[in-house]
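Structure first, commentary second.
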Amino acid sequence: GRGLSRQLMVELERLAGERAVSTLVLQTGRLQVPAITLYESLGYRAIEPFGGYTAIPGALCFEKTLI
């Protein structure tokens with residue numbers, strides 16, 4: 001509730017941008033409502049689960065284009 005997760009995500013995106021990473025992809029579970037809300041508020045969009053996440057019931061994946 002102090003905004004630390006948001007600060008970490010903003011810093012992660014900044015570092016990724018410095019390293020010319022064009023897209024970030026992340027995963028969470030459907031019960032992690034605060035994480036989902038944070039990711040969506042930062043501009044991440046839901047995508048289909050990929051790789052090993054397809055075997056996890058309730059897995060949610062998100063993506064954000066940085067560049």
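For region 1-16, filtering for residues that are open to solvent by less than 60 Å² (accessible area, probe 1.4 Å) and within 26 Å of Pro57 (Cα to Cα) leaves 1.
Tell me which of these Ala46 doesn't satisfy, since it passes every other one: (1) on the phi > 0 side of the Ramachandran plot; (2) open to solvent by 60 Å² or more (accessible area, probe 1.4 Å). The single condition Ala46 does not satisfy is (1).
Taken across region 17-35, residues that are exposed (fewer than 13 other Cβ atoms within 10 Å of the Cβ), without any contact (Cβ under 8 Å) to a residue 24 or more places away in the chain and not in a helix (DSSP H, G or I) do occur, with at least one present. For region 49-58, the set of residues classified as open to solvent by 60 Å² or more (accessible area, probe 1.4 Å) and closer than 27 Å to Leu4 by Cα consists of Tyr53 only.
Restricting attention to region 21-42, the residues that are of a type in the set (D, E, K, R) and closer than 18 Å to Gln7 by Cα add up to 1.
Within region 36-67, if we keep just the residues that are under 14 Å from the mean Cα position of the chain (by Cα), among the hydrophobic types (A, V, I, L, M, F, W, C) and assigned to a loop (DSSP other than H, G, I, E, B), the residue that is modelled with the highest pLDDT turns out to be Leu42. Consider Arg45 carefully, then state whether it is of a type in the set (Lys, Arg) and in contact with an Asp or Glu (Cβ under 9 Å, 6 or more places away or on another chain). Yes, satisfied.
The values are calculated or read from the model by the stated rules, or taken from the named source; none is laboratory data. Just so we're clear, the structure is a prediction, and the values are computed from it rather than from any experiment. As a convention, Cβ positions derive from the backbone with ideal geometry for all residues, glycine included, and neighbour counts pool all protein chains shown. Please note that ligands, DNA and RNA were not included when accessible areas were found on the heavy atoms of the full protein model with its side chains. Shrake-Rupley method; radii C 1.70, N 1.55, O 1.52, S 1.80 Å.
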